[in-house]
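Working notes for the structure below.
Just so you know, all these numbers are worked out from the coordinates, no wet-lab data involved. Just so you know, these numbers come straight off a predicted model, no measurement behind them. Backbone-built Cβ (ideal geometry, glycine too); neighbour counts: all protein chains shown.
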Amino acid sequence: MRRSGSISSVCSSASEEDTMQIFVKTVSGTSTIPLTIPSTTTISTLSTLLALRHNLPETDLRLVHAGTHLSTPSATLDSLHIPSNATLHMALPLRGGMPPKKIRCSFKLCKDAAQRIVGDCGFCSGHFCGKHRLLEDHKCEGLEDCKKESHERNAERLNSERTVAIKGV
Ligand SMILES: [Zn+2]
Ligand SMILES: [Zn+2]
């Protein structure tokens with residue numbers, strides 16, 4: 001059995017080892033990386049390799065083959081029956097591919113989607129939509145504490161807390 005030589009120019013390393021060529025589409029889908037690797041390469045090795053190349057956080061990198069997430073880090077290309085010249089896709093959870101789970105507004109009856117980052121409340125650790133993201137608007141549990149103190153005293157407290165935090169580092 002001969003491995004296909006139709007894409008021969010990319011890499012012609014000796015084929016004594018059981019290597020195979022695969023192609024990996026980048027997250028943006030604009031370029032394809034040819035890789036010649038042993039068929040015993042694990043998914044975790046492969047994603048480490050790709051993460052390093054692209055300065056991506058390794059933990060965020062997902063590999064997809066034929067619409068299936070390769071989610072077993074210890075599985076080898078061989079064991080996953082990924083054929084030579086297969087194209088894998090790099091995917092990041094936050095961009096493209098599978099959309100992240102929508103977070104709903106934490107406010108009682110609200111069914112809106114929570115806003116990312118700006119909708120997070122640091123006082124009650126809730127996630128809120130645009131209408132409820134202000135402390136007053138979601139009747140924040142942390143608000144009670146805030147109200148007890150005047151704005152000045154609150155600022156003072158924040159300052160001293162910050163100093164403590166710095167000292168504590
Ligand atoms: Zn809401
Ligand atoms: Zn809150």
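So the values come out like this:
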| item | result |
| --- | --- |
| Virtual spin-label span in nm between ASP112 and ASN159, 7 Å along Cα→Cβ | 3.5 nm |
| Distance in nm between pseudo-label sites at THR76 and ILE103 (7 Å out along the Cβ direction from Cα) | 4.1 nm |
| Relative contact order %, the range 19-91, counting alpha carbon pairs below 8 Å whose residues are six or more apart | 42 percent |
| Two-decimal ratio, the range 19-91, of alpha-carbon radius of gyration to 2.2 N^0.38 Å | 0.96 |
| Net lengthening on full extension, THR30/ALA86 (0.36 nm per residue, minus Cα-Cα) | 18.5 nm |
| Environment charge at ILE43 (Cβ cut-off 15 Å; Lys +1, Arg +1, Asp -1, Glu -1) | -2 |
| Integer Hz, Karplus 6.51/-1.76/1.60 couplings in order for the range 63-77, x for Gly and Pro | 10, 10, 10, 6, x, 10, 6, 8, 9, 9, x, 8, 6, 9, 4 |
| Ranked list, fewest to most other Cβ atoms within 10 Å of each Cβ, for VAL64, VAL24, VAL118 | VAL118, VAL64, VAL24 |
